[in-house]
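First up is the structure itself, then whatever we jot down about it.
What follows is calculated from the coordinates using simple rules that are stated; it is not laboratory data. Nothing here was measured: the structure is a model prediction, and the numbers come from that model. We place every Cβ from the backbone using ideal geometry, glycine too, and count neighbours over all the protein chains shown.
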Amino acid sequence: MRNYIEKIKFVVLCLVLGAAISTSAWAQTTTIIYVRKGAAASGDGTTWAKAYPELQQALTASSSMPGNKQIWVAHGEYRPSETGDRTKSFQLASQTFLYGGFAGNESSLSARNWRKNRTVLTGEMGALFDKSDN
């Protein structure tokens, strides 16, 4: 009987430690990176007031950041290259989540309205609406 109780104690200890470890992983902070078309070129993405003007800047920044990242993108049309470079593409780094539909003043993810604030990612690089040049 004594051996049985020791085994139960061991299992309970393992469960408690496992829960503590998984809770700390879930409690990891999330960094929010802000993007707003027309923002100042000197923006660093840390707030809406200091938003990156282009999505590609936020994607590049997120690739060197540890942990979970959310990129909040305000309404507008975004291209992987503003110079027409057709070799560029949008690529998300690991642990990075991309959300559009923001007006550019929200403080929570649930406040965005993606129907009203259309965020478009496009590969249209040449003559607009001419599919033969892309």
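A few comments on the model shown:
- For TYR78, nonlocal amide neighbours, meaning residues 5 or more places apart or on other chains whose placed amide H falls under 5 Å from its own, are VAL120, LEU121, THR122.
- Under a 5 Å amide H cut-off, with hydrogens placed 1.01 Å from N, GLY100 pairs with VAL73 among residues at least 5 apart or on other chains.
- Built amide H within the under 5 Å cut-off of ILE33, gap 5+: GLN70, ILE71, TRP72
- For segment 60-68, 3J(HN,Hα) computed residue by residue from phi via the Karplus equation (6.51, -1.76, 1.60; θ = phi - 60°) reads 5, 4, 5, 5, 9, 9, x, x, 7 Hz, glycine and proline entered as x.
- Working from label points 7 Å from Cα in the Cα-to-Cβ sense, the ASN113 to ARG86 distance is 3.9 nm.
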